[in-house]
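> Below is one structure. I have some questions about it.
None of the figures in this text is laboratory data; all of them are computed from the coordinates on show. What you see is a predicted model, and the numbers here were worked out from it, not measured in a lab. Neighbour counts run over all protein chains shown; Cβ positions are idealised from the backbone, glycine included.
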Amino acid sequence: MNNDLPSTEIGNILVVDDTPANLRLLAGILNGKGYKVRPVPSGELAISAAQGMPPDLILLDIMMPEMNGYEVCEKIKADERTRDIPVIFISAINDVLDKVKAFAVGGVDYITKPFQVEEVLVRVKTHLAMCQLQKKLQEKNYELTVTLDQLQATQNQLVQSEKLAALGQLIAGIAHEINTPLGAIRSSIGNITNFLDNNIENLPVFFKELSPERQQDFLSLMYCSRQQTYSLSTREKREFKRGLKQQIESEGIGNADTLASILVNIGLQGNLKEFLPLLQDPESENIIKTAYEFASIHKSARTIATATERAAKVVFALKNYARYDVNGEKLQVNITEGIETVLTLYQNQIKHGVEIVRNYQDQLPAVLCYPDELNQVWTNLIHNALQAMDNQGNLTIDAQQQDTSVVVKITDSGKGIQPDILPKIFEPFFTTKPAGEGSGLGLDIVRKIVEKHHGQIDVESVPGKTAFTVCLPINLI
């Protein structure tokens, strides 16, 4: 089960229990998994140890003399130095009111003695991973806030002249691009937090009651989720759901529509034979729903990683806008991977009304290129396509090899570009957008990047169909 949660760095864990045997047991278990463990036998020592060298996580017994676990947790949460440290209660008390009190004083989890070793390790790994994600989010939020402040200050200076005011609009647009991954990070953290808030009390019982067979099914569903590298379109989901529903109904299993829908969202697309024993289990729906929620946490973590990387690249592009580094490193990359990264960042705009059609050639050869700059090309073209459609319509992306080049064609079903405007769209500072919404430099930057790769970009447009075609040599000279 450990392998299905986000990986963490080695964690520093403070274990508090007045029973020496329990301390030795927990310390041995956690040390065996590579964690740094500090065992302490009392509440007073725990508070002192946490304040002196704050740990990443605290495992806290409740029933202790002089100061019980609830009091220890309250003091830790009242201290600014230690209040953000997650606390997991481990106790032989199994009363609901005691568990409620544990969460009320600031605990994030509750494990009942005698505990399962695997359960303890899963909980520890989960909360250490959550702690790391939260710290990374705070760091990135701070970096993005500083960057946005710098951009705003720069913009205020640029607007002193008409020409510099146009560049100020460009900076405003880049600030908007930074807000996009920031929104993705906030949304993903919200999904993770909501899951924990709504399910944390039920997870101990859920994992404890899983039989070995259902545990294996749970792991297999997690594996299916990790294999899904991109989001399915609405049409693809319907097709896969229809096939799974027919298989479930043919086995005489009830609630086929709900089960098929959840399995498709997890990432299952093929034969159900492996999961028939699970589907025939009376608790199948609850197990599958929980697996889906864990899969969603994993997907949210990946979204955070993708979004933070994208934000860093946008800042890098701003710093290097005026000049391109001719000595930059060229890499062999798969073009469609960069396109999929951009589609992931625009998922919020896509998912409510845009149908994505991917026509990617199998075994497309890698292209020797400057990948960061090409990602800027896909970002601009996809962003423009979504705007042209008002986030409602069909977006078709073709990627094929033609002789010694890779050709990418991005087609949208928007209103089209007027014939008298079409020859001007690649000119710098030309824009049809209202003042403040576009600098007119986006397609000019795209053209310069493509030409730097010795490639070519063309456009053709009629009402209901606009296509930008980018042709890139496979080996950049």
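> If we count every other residue with Cβ under 9 angstrom of GLU283's Cβ, Lys/Arg +1 and Asp/Glu -1, where does the sum land?
-2
> In terms of the ratio Rg/(2.2 N^0.38 Å) built on C-alpha atoms, what value belongs to the range 1-91? Each step should come with its number before you reach the end.
Numbers: Rg = 12.9 Å, N = 91, 2.2 N^0.38 = 12.2 Å.
Taking N as the residue count of the range 1-91, the ratio is 1.05.
> Taking the alpha-carbon distance from LYS140 and a cut-off under 19 Å, which lysines remain once sequence neighbours fewer than 8 residues away in the same chain are dropped?
Straight-distance partners of LYS140: LYS299, LYS313, LYS319.
> While we're here: Can you give the local net charge around ASP84? Use residues other than it whose beta-carbon is closer than 11 angstrom to its beta-carbon, Lys and Arg +1, Asp and Glu -1.
+1
> Gap in Å between the Cα centre of the range 198-222 and the Cα centre of the range 242-290?
Rounded to whole Å, the Cα centres lie 17 Å apart.
> So if R0 is 22 Å, what FRET efficiency would GLN361 and ARG235 give, r being the distance between their Cβ atoms, rounded to the nearest 0.05?
Plugging the Cβ-Cβ distance into 1/(1 + (r/R0)^6) gives 0.60.
> Just to be sure I understand the curve: with the Debye formula and one point per C-alpha of the range 22-163, what is log10 I(q)/I(0) at q = 0.10, 0.14, 0.16 Å⁻¹?
At q = 0.10, 0.14, 0.16 Å⁻¹ the computed log10 ratios are -0.43, -0.69, -0.86.
> Report, to two decimal places, the Cα Rg of the range 357-405 normalised by 2.2 N^0.38 Å (N = number of residues).
Ratio of Rg to 2.2 N^0.38 Å for the range 357-405: 1.34.
> Net charge within 11 Å of ASP390 by Cβ-Cβ distance, Lys/Arg positive one each and Asp/Glu negative one each, not counting ASP390 itself?
Numbers: positive: LYS415; negative: ASP412.
Once positives and negatives cancel, what remains is 0.
> Can I ask one more? Highest mean first, what order results for 399-405, 188-194, 86-92 on Cβ atoms within 10 Å?
By packing density, highest mean first, the sequence is 86-92, 188-194, 399-405.
> Report, by chain and number, residues whose modeled amide H sits under 5 Å from the one on VAL406, excluding near sequence neighbours (fewer than 5 apart, same chain).
Placed amide hydrogens put LEU472, ILE474 under 5 Å from VAL406.
> Calculate the FRET efficiency for ASP257 and ILE421 from the Cβ-Cβ distance with a Förster distance of 56 Å, rounded to the nearest 0.05.
It comes to 0.70.
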